[in-house]
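Colleague: Structure in structure tokens, see below.
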Amino acid sequence: MTLVQSPIRRFFSALTSSNRLRLFVWLSLATQILIVVTGGLVRLTGSGLGCPTWPKCTDDSIISTPEMGIHGLIEFGNRLLTFVLLIVALLTFVTVLRPHSDRATLTRITLSFFGFVALFIVGLVFAVRAIDFTAVSLLAISSIGMLSLALIFLLRVRKVEKKSLVGPAFGLGFGIILQAIIGGITVLTQLNSWIVGLHFLISGVLISVASLLVFRALPKPSQQVNQRSQLLSVPVAFVSVVTIVIGVLVTGAGPHAGDASTPRNGLDLEVWQHYHSYPGYAMLGLILLQWLFQLGTSKTPWTSLPTRVLGILLAVTALQAVIGVVQSRLGVPELLVAAHMLGAAVLCSLVTFQYLVLKTKK
């Protein structure tokens, strides 16, 4: 038995060694952004109900069938990507947990958490058959258990080490599971625009968590931070959140909120496009000020990490503004909408980086 296990253990130890950490945190961030794009592709191609039910693709099949055509393939492919995200998140979590001083306790909490995840899956199986007392009880008990253990885990990590990688790595995995559930609710509610919007906003949060992981995992060179740029980091983050939330509302009112038969949120698309643009322009102006202030301190645009981050953020924000205006004038064509969604996902990451880079003066 030892001869069989030893190579497996060696392989797993090598796979989750500390020198793999950079790879896993960058993969975590890249895949979180990628699933926003594939999720957008599902809506933009009208494939939102390519798999008409959940957790199965059809009542009789877990996977899409040839009869379902390209829409079923696109929707099922998007669902499969969730498993890729889970695998990357699990590898990241194990990699950061192995050297942790409180590993034994945190491992026990994690195993208990996954016990409730398994119970939740059982509840889903019952719920697919019939929404009865057993299904509701299993879902309620498992949900309370998962939330309680997640909170206990995060509090325990924070007590041992405030800036640990373990907390955000666990949070990322928890968020992916939550997203899978909300994705299922999205299908079961026939692509309700409000649920679709919530699905995107949680993706934005997970992108920020993945960005935090990258920031904490990478070495941070000594740097000078301009105080005025630092003071603007919170307003920039706030305005970016407002811009993205209003953008989600605009999407819910437009032609790409779901299938053609899906009810929209009832907002006036033309009016709310203007509401979306105002905080977007404010965000662009604030980032320009940040960059100019920081440039005065760093003197060169690329040798300083804060100046680099702000420069890239400024360029992406300006490009987003241009795409937003052009897509509005052209009647929101699918390709530009996809580019705008990708830009929003990248902005979630860059805004997080600007806050983290600027918040501590060195």
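Colleague: In the range 295-327, how many are loosely packed, with under 15 Cβ neighbours inside 10 Å and not in a helix (DSSP H, G or I)?
Modeller: 5
Colleague: Here's a follow-up. Among the residues of the range 133-164, how many are loosely packed, with under 13 Cβ neighbours inside 10 Å and of a type outside the set (Ser, Thr, Tyr)? So that I can check it myself, show each step before the final result.
Modeller: Taking the range 133-164 first, the residues loosely packed, with under 13 Cβ neighbours inside 10 Å are 133, 137, 140, 144, 151, 155, 159, 162-163.
If we keep only those that are of a type outside the set (Ser, Thr, Tyr) too, we end up with 133, 140, 144, 151, 155, 159, 162-163.
Adding up the residues that qualify gives 8.
Colleague: Restricting to the range 206-236, count the residues that are touching a residue at least 12 places away in the same chain (Cβ under 8 Å) and surrounded by fewer than 16 Cβ atoms within 10 Å (Cβ to Cβ). Step through it out loud before you land on a result.
Modeller: Residues of the range 206-236 touching a residue at least 12 places away in the same chain (Cβ under 8 Å): 206-218, 220-230, 232-236.
The next check asks that each one be surrounded by fewer than 16 Cβ atoms within 10 Å (Cβ to Cβ); those that pass are 218, 220-222, 224, 227-228, 234-235.
Of the residues in the range 206-236, 9 are touching a residue at least 12 places away in the same chain (Cβ under 8 Å) and surrounded by fewer than 16 Cβ atoms within 10 Å (Cβ to Cβ).
Colleague: A further question follows. Select from the range 206-229 the residues that are closer than 15 Å to Ala169 by Cβ and assigned to a helix (DSSP H, G or I) and list them in ascending order. Write out each step before concluding.
Modeller: Initial filter on the range 206-229 (closer than 15 Å to Ala169 by Cβ): 206-218.
Hits for the range 206-229 are Leu206, Ile207, Ser208, Val209, Ala210, Ser211, Leu212, Leu213, Val214, Phe215, Arg216, Ala217.
Colleague: Pairs needed: first member in the range 327-352, more than 18 Å from Gln273 (Cβ to Cβ); second member anywhere, among the acidic types (Asp, Glu) and assigned to a helix (DSSP H, G or I); C-beta distance under 6 Å; at least 6 residues apart or different chains.
Modeller: If the second residue must be among the acidic types (Asp, Glu) and assigned to a helix (DSSP H, G or I), no pairs are left.
Colleague: Restricting to the range 190-199, count the residues that are surrounded by fewer than 21 Cβ atoms within 10 Å (Cβ to Cβ) and assigned to a helix (DSSP H, G or I).
Modeller: 5
Colleague: Residue check, Thr107 against (1) assigned to a helix (DSSP H, G or I); (2) under 22 Å from the mean Cα position of the chain (by Cα), all met but one. Which one?
Modeller: Answer for Thr107: the failing condition is (2).
Colleague: Working carefully through the options Leu73, Leu172, find the one that is assigned by TED's automatic domain parsing to the domain that holds Val25 and closer than 19 Å to Ser28 by Cα.
Modeller: Numbers: Leu73 fails: closer than 19 Å to Ser28 by Cα.
Leu172 is the lone residue from the list that is assigned by TED's automatic domain parsing to the domain that holds Val25 and closer than 19 Å to Ser28 by Cα.
Colleague: Check the range 125-138 and report whether any residue there is part of a helix (DSSP H, G or I), among the aromatic types (Phe, Trp, Tyr) and within 18 Å of Ala89 (Cβ to Cβ).
Modeller: Checked against the condition, which is being part of a helix (DSSP H, G or I), among the aromatic types (Phe, Trp, Tyr) and within 18 Å of Ala89 (Cβ to Cβ), the range 125-138 yields no hits at all.
Colleague: Just wondering, is there one or more residues in the range 91-109 that are surrounded by fewer than 17 Cβ atoms within 10 Å (Cβ to Cβ), free of Cβ contacts under 8 Å to residues at least 40 places away in the same chain and closer than 22 Å to Ile185 by Cα?
Modeller: no
Colleague: Would you say Val187 is in a helix (DSSP H, G or I) and surrounded by 19 or more Cβ atoms within 10 Å (Cβ to Cβ)?
Modeller: On the way: in a helix (DSSP H, G or I): yes; surrounded by 19 or more Cβ atoms within 10 Å (Cβ to Cβ): yes.
Criteria met by Val187.
The values are calculated or read from the model by the stated rules, or taken from the named source; none is laboratory data. No experiment lies behind these values; they were computed from the predicted model shown. Backbone-built Cβ (ideal geometry, glycine too); neighbour counts: all protein chains shown.
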